[in-house]
Amino acid sequence: MTDFDTKVRLYALADPRLFDAHAATISRLVLQTLKVQPSPQRRVYVSPTSGWFDYTAFDELWERQAPPALPRAPDAMKAAEEALTNLEKACSGANTAWPPSLRGLALLPPVRLLRRMGLHAVPRPDGSAWDHWTYRAQPRLELDGGSKTRADVFGTQVEVHIGHMGQVIGVRARWSPLSGEQRFTDLSPLRALSGTGGPDAGSGDAAASAPEIRYCLDGDGIPQYYLAPYYFVSNDDDLDVVSASSYSLTVGVDLTRQDRSGMTLTALARGGSGNYAYNWGIYMMADVEQGIRTIGPGSTLIIKNADARATASAIKVPHGAYVVLLNVKDRVTGAFKHHQQQVYPWPFTDDDVEHAAPEVA
Amino acid sequence: MLVIDAATGWSFECITDPSGKPPDGGLVLQRIRHDGHNFAKDIRTIGVWFELERFDSLGRSLSRTKTFCPLSAAKGFVVSDVRKLEPQAVTYAEALQKVPGHAKTFKDLAEADTAMLFSDYFKDGDNSVACGAAAKYDGQLTIDSLVSDCGYPPCEYSGFTVEQLFLFSRYSNVPAHEPTGALFAARFHPLIRYQLTKKKNSAYDPQGPHTKIMSIRFDYRLHLYLDSSYEWTEKPDAPQIRRRRSLGNQAGLFADKDSISVTKVLTAPVLPPRGFERMAFSAVEKPLVAEATAAGLLKGVSDGSELAIPPIEGKVDCWDNVHWWGTRYERDTYISAPGAFHAAHCHWRWGATINALGILPGVDYDYGFRHFLPGKPLVDPDIFMQTIRVAVSRNDARFDPARTAPDKLTASEWEDLFEKHDSPSPQPIDSGDDIVLWYSTEVSSEVTIPSRSNAPFRAKAAGTVFLHGLFFAHDAEQSGAAVGSRFSNYWPRSASEIRRAGRWFRPAG
């Protein structure tokens, strides 16, 4: 085993708009692969926000007039997996018709690494017939430099809907295409969670049983530039997602003070060097049309953990129920994490009472 | 108006009249799906109830009454056209997007701070978050009319302005839907934002006979429908579909670990089994044995004994959430709980013991300032004194909103619609059925919680209800140490006890 084998991989994500720029070509290739004619009833969509792929036959999925004749389960499974294999080929550099500016990029996750998650027959809402089969698979990536271990990419999923006579009537890939760039880094030891600052402050103890390591894709519309590994640690009654590399940042926000003039929110990143830069934004769900308001870097706090000093950030906002947004960067490594969190104030506040977490009051 | 929003994955039909206005009663959305998965057949607001109290010139209370106010022009509202909300794309930072394939992603992130700017992702002043539908109801004299129709003297408030915002978000894990941060879902927020307004030169005189608004109640009907799914090894056919007991939906009520005192749990007739679900819940009815009405909050608290004046439900313990799913898998198995990876989740409160660790080292978080505000209601803080009630009933043709006026789909005492109907015993729904979620939240004008303060907390004149919303997960079931069982769970009352009692109202404790 070499040092390289013990490293874990970081996967950079492609800019989804590169795919959006070739939407017409991708649509043509997908329809050709699925052997269907272009029609307003056939939609091929690649999200410019996330790169997630969707194909829907609107007149078949739920809307087919005559009850469909569904294939047997093994045939449906085969149809779904063949469709994925063919789509992967068609929408990647393996296809000579793939746009030159997308060379090296693939629309779908590596099909050979998919893990089957099941095949289910789905009935129509009125119970009159079975409408389609739904096939699901979990994308995975190679975790270590030696490609000995595969890790689930948490937050991703591939679905294929199989309808009448085994037709593919829907494909949904919750998957952001990779750019092809990889970086290799050390796997961080799992730090024990404790009340003294969480993973950064840990004792170095590993969990009693080896926790699972997964990559995390945060979701549609969430700024993210790369996939990094995280530990998924089960406690008695909880599950914690803990950094597994110096690029695998986590961010938390707490309401640390509330008084007549408003609420103080404090954010602390973990998993990196401790030297973090923050940028805050905010919006209210009921005012979603007003957009997001940028607040700025906030006030810097130095938090002393058990084994390090970390930069935290605090802002003051009026009382209210918000969604706060944070862009966080590790000034040493460039590791980046976008975080959003719902914040509700302490409700039982009368005008003469201040509530504060004592250490930061 | 058919909405197919590729950007978020949601599709729905928004019912309007020929001029583009919502029907009488408010927004109606039908055939709601996300990524091709069914979420609901029909979601709508039934209307608003005002409880009014009449006082004489000496400030003595003379009488109380409740009056129904559907959102319609007939009640004096100027109704807007339905407005469609479309989110803008979230794009990459300017500096990084110019590099095809981001061949230098890590280098650029380290060298430039461009990624830190919000303006590259979310354009200022643009909605980047949700698609949906909205409508405004401007009732400058609505309160005057309601009060006058009741034969009551003038009220401090004259008008009532309402905006309905039914919002649908993208599928993601950010912001987190649950404390574990390990459940992906798309959110649905059927918000109602309201404002009570005053009129200049009003006849209202607080020294003379006058009327006060004691509470405002918002009633919803959510005909959720999530897909059933079955694991067949062969070809499913019509006879198989007929043989299934039900292809309908099931629901469950859950109270988190702290919601009921340890003493009550330990002395309950049915003790929870070993397993992760015992760690998580102090009360469970999964799936609901029969139709039910239930309390979710009582004037902002989850334990009726905390209130200075006991609520009409009594000093009962409340539930914290309701979950909804399609019948599935093998017979007598259900969604995992905790977990529920293909389900609709509706949480208005989380137990006080979640997120026991704050983010800051050495800080005492007893005030509950932690993420998800453990132990406190997830409601608008300006109107936190809300009473949340939910009911799960079979979809009864007599309460079909397509054929029944809104005033026949509600009652002045909310639970009377269910409990005093001509079929007073709740019908069994445990094997799955075509079921409807009725959600109601009543904002009281004030509440006194002696453990917090002897002075009453008063509601503001404006607020938003249903802030916590619902979230719709449609992933494959998962397993693991932090995932609950897929079997039925009943405690502190057993399923047979619930059946024997034959009651609609079922408190958690």
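Remarks
- Spacing of the two label points (7 Å from each Cα toward its C-beta) at B:Ala462 and A:Lys148, in nm: 6.3
- FRET efficiency, 1/(1 + (r/R0)^6) with R0 30 Å, evaluated for B:Arg83 and B:Ser305 via beta carbons: 0.10
- The calculated 222 nm mean residue ellipticity attributable to helices in chain A amounts to -3000 deg cm²/dmol, summing -39500 (n - 2.57) over DSSP H runs of n ≥ 4 and dividing by all residues.
- Chain B, relative contact order [Cα under 8 Å, separation at least 6], %: 18
- At 1.306 mPa s and 10 °C, Stokes diffusion of chain B via Kirkwood alpha-carbon radius, µm² per second: 65
- Dipole axis of the protein assembly as shown (+1 Lys, Arg; -1 Asp, Glu on Cβ), positive-most option in B:Cys150, B:Thr67, B:Pro424: B:Pro424
- Segment A:3-181 shape via C-alpha gyration tensor axes, a/c threshold 1.5: oblate
- When chain A is treated as a Gaussian network with alpha carbon springs shorter than 10 Å, the biggest mean-square fluctuation among A:Asp144, A:Asp287, A:Asp152 belongs to A:Asp287.
- Relative contact order, percent, chain A [alpha-carbon distance under 8 Å, six or more residues apart]: 15
- Working ranking of peptides B:150-163, A:128-141 by packing, defined as the average number of other Cβ atoms within 10 Å per residue, highest first, is A:128-141, B:150-163.
- Relative contact order (percent, whole number), segment A:3-181, Cα cutoff 8 Å, 6+ residue spacing: 30
- Averaged over A:336-345, number of beta-carbon atoms from partner chains that fall within 10 Å: 6
- Fewest neighbouring Cβ atoms within 10 Å first, the residues B:Ser229, A:Ser101, B:Ser11 line up as A:Ser101, B:Ser11, B:Ser229.
- Each principal axis of the Cα cloud of segment B:1-62 was taken in turn, and the coordinate range along them, longest first, works out to 61, 27, 19 Å.
- Sorted peptide list for B:118-130, B:401-413, criterion being average Cβ within 10 angstrom, highest first: B:118-130, B:401-413
- For chain A, the dipole from Cβ point charges (+1 on Lys and Arg, -1 on Asp and Glu) about the Cα centre works out to 1380 debye, to the nearest 20.
- Cα Rg over Rh - the protein assembly as shown, Kirkwood: 0.96
- Cα centre as origin, Lys/Arg/Asp/Glu Cβ charges: the protein assembly as shown dipole, Debye: 1120
- For chain A, the Kirkwood radius over C-alpha pairs fed into Stokes-Einstein at 37 °C and 0.692 mPa s yields D = 142 µm² per second.
- Efficiency of FRET from Cβ geometry, A:Arg309 and A:Ser261, R₀ 30 Å, rounded to 0.05: 0.55
- Spin-label proximity, B:Asn395 to segment A:123-141 - amide N less than 20 Å from point 7 Å beyond Cα toward beta carbon: A:123-132
- Neighbour-count order for B:Leu288, B:Leu71, fewest beta carbons within 10 angstrom listed first: B:Leu288, B:Leu71
- For chain A, modelled as a GNM whose springs connect Cα atoms under 10 angstrom apart, the maximal fluctuation among A:Glu82, A:Glu60, A:Glu142 occurs at A:Glu82.
- Rg in Å to one decimal, and Dmax rounded to a whole Å, for segment B:114-203 via C-alpha atoms: 20.3, 64
- Ranking of A:Phe232, B:Phe487, B:Phe384, A:Phe19 by count of other Cβ atoms within 10 Å, fewest first: B:Phe487, A:Phe232, A:Phe19, B:Phe384
- Förster radius 60 Å - calculated FRET efficiency between A:Thr25 and B:Leu58 (Cβ-Cβ, nearest 0.05): 0.15
- Comparing A:Leu187, B:Pro287, B:Ala397 along the charge dipole axis of the protein assembly as shown, the residue lying farthest to the positive side is B:Ala397, per the Cβ-charge model.
- About the Cα centre, charge dipole magnitude for chain B (Lys/Arg +1, Asp/Glu -1 at Cβ), debye: 620
- Cα→Cβ-extended label distance, 7 Å offset, between A:Met284 and B:Ala402, nm: 3.8
- Restraint check, B:Lys212/B:Lys299; B:Lys84/B:Lys299; B:Lys75/B:Lys212; B:Lys41/B:Lys212, Cα-Cα greater than 27 Å: B:Lys84/B:Lys299; B:Lys41/B:Lys212
- Per residue, chain B reaches -2000 deg cm²/dmol at 222 nm when only DSSP H runs of four or more residues are counted, each adding -39500 (n - 2.57).
- Annotation for segment B:4-28 versus segment B:456-505: alpha-carbon center distance of 28 Å.
- Each of A:Ala94 and B:Ser451 was given a label point 7 Å from its Cα along the Cα-to-Cβ line. The distance between the two points is 6.1 nm.
Bear in mind these aren't lab numbers, they're just calculated from the coordinates by the rules spelled out. Computed from a prediction, not measured in an experiment: that's the story for all the values here. A quick note on method: Cβ atoms are made from the backbone with ideal geometry, for glycine too, and the neighbour counts reach across all protein chains shown.
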